[in-house]
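J.: So that we are looking at the same thing, I have put the structure below in structure tokens.
The values are calculated or read from the model by the stated rules, or taken from the named source; none is laboratory data. Everything quoted here is computed from the prediction, not taken from an experiment. Don't worry about glycine lacking a Cβ; one is built from the backbone with ideal geometry, like all the others, and counts go over all protein chains shown.
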Amino acid sequence: MTTAKRLEAFEKFIQAVRAAWAELPDTESRMKRTAQLLEGLVKDPTLREYSKSWPSTEGHKNLLFYEDPDYHFVINGVVRTPGRKGGIHDHAHAWTAYGVLDGVERLERYRRLDAGQKEGYAEIELESVSDGIPGKVDLVPPYAIHSEKGGAERSVAVIVRSERLVGRTLQGRYDPEKRQFTQGQGPTQVPFEISSP
Ligand SMILES: [Fe+2]
């Protein structure tokens, strides 16, 4: 990935996040700052316009925009086709900032009702729902159970993860009807450059 070609708004965002990670001592404070910075990025009209051409990530994929060589945070994209319903899951010990760039999504949070001591079993219930409109960022703490549901139109989100889990750590998945808990790999990473048009 060469720095020169990157879309300016995106390059500035990466540098600001790196500065935050250099300055702040722990993952929680770094990701809180990152979420504020991401809010600025997903309000950027140049990036929104540019994202209209991004390919769909149907089939459990993420666009991989950037992985930091020093701090190891990862920037991903998700492009949902109309009506796409995301499954209910957690991100294990990682922090995630989820920013809606285009379209409208429904951001759901769930609470766990059982003590998590029965193998493969989980009881959960919906705790809150917020409208994921362009410019909205949801900061998801470790092990928080959540889901993003696509709207009637195509939608696009930019995600910053405190680290890459894929290939290293399994994430929890929840089926509220069957009261099932399983673990699986996160989405397949598809390298994609956010370069100047
Ligand atoms: Fe998630």
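J.: Does LEU38 count as assigned to a helix (DSSP H, G or I), surrounded by fewer than 21 Cβ atoms within 10 Å (Cβ to Cβ) and either touching a residue at least 40 places away in the same chain (Cβ under 8 Å) or not hydroxyl-bearing (Ser, Thr, Tyr) (or both)?
T.: It is false that LEU38 is assigned to a helix (DSSP H, G or I), surrounded by fewer than 21 Cβ atoms within 10 Å (Cβ to Cβ) and either touching a residue at least 40 places away in the same chain (Cβ under 8 Å) or not hydroxyl-bearing (Ser, Thr, Tyr) (or both).
J.: Further, regarding this structure: List, please: which pairs have Cβ atoms under 6 Å, are six or more places apart or on different chains, and start with a residue in the stretch 130-141 that is more than 11 Å from VAL42 (Cα to Cα) and end with one that is within 16 Å of the ligand (Cβ to nearest atom) and of a type outside the set (Gly, Ala, Ser)?
T.: Listed by first residue and then by second, the contacts come to SER130/LEU107; GLY132/VAL100; GLY132/GLU105; GLY132/LEU107; ASP138/TYR98; ASP138/LEU107; VAL140/THR96; VAL140/HIS146.
J.: Moving on to the next point. Of all residues in the stretch 75-107, how many are closer than 12 Å to SER162 by Cβ and away from the ligand (no atom under 13 Å from the Cβ)?
T.: So the answer is 2.
J.: Something else about it: How do the strands (runs of 3 or more DSSP E) wholly within the stretch 53-170 filter down when requiring 1 or more residues that are within 13 Å of the chain's Cα centre (by Cα) and within 23 Å of PRO197 (Cβ to Cβ): which remain?
T.: 61-67, 74-80, 96-102, 155-161
J.: Now a separate question. Name the residues in the stretch 141-177 that are of a type in the set (Gly, Ala, Ser), within 12 Å of the ligand (Cβ to nearest atom) and surrounded by fewer than 21 Cβ atoms within 10 Å (Cβ to Cβ), would you?
T.: ALA144, SER147, GLY172, listed by residue number.
J.: Which condition does SER128 not pass, out of (1) of a type in the set (Ser, Thr, Tyr); (2) loosely packed, with under 13 Cβ neighbours inside 10 Å; (3) modelled with pLDDT under 95, if it passes all the others?
T.: (3) is the only condition that SER128 fails.
J.: Of all residues in the stretch 75-105, which are surrounded by fewer than 22 Cβ atoms within 10 Å (Cβ to Cβ), under 15 Å from THR27 (Cα atoms) and touching an Asp or Glu at 6+ places or on another chain (Cβ under 8 Å)?
T.: Within the stretch 75-105, no residue meets the criteria.
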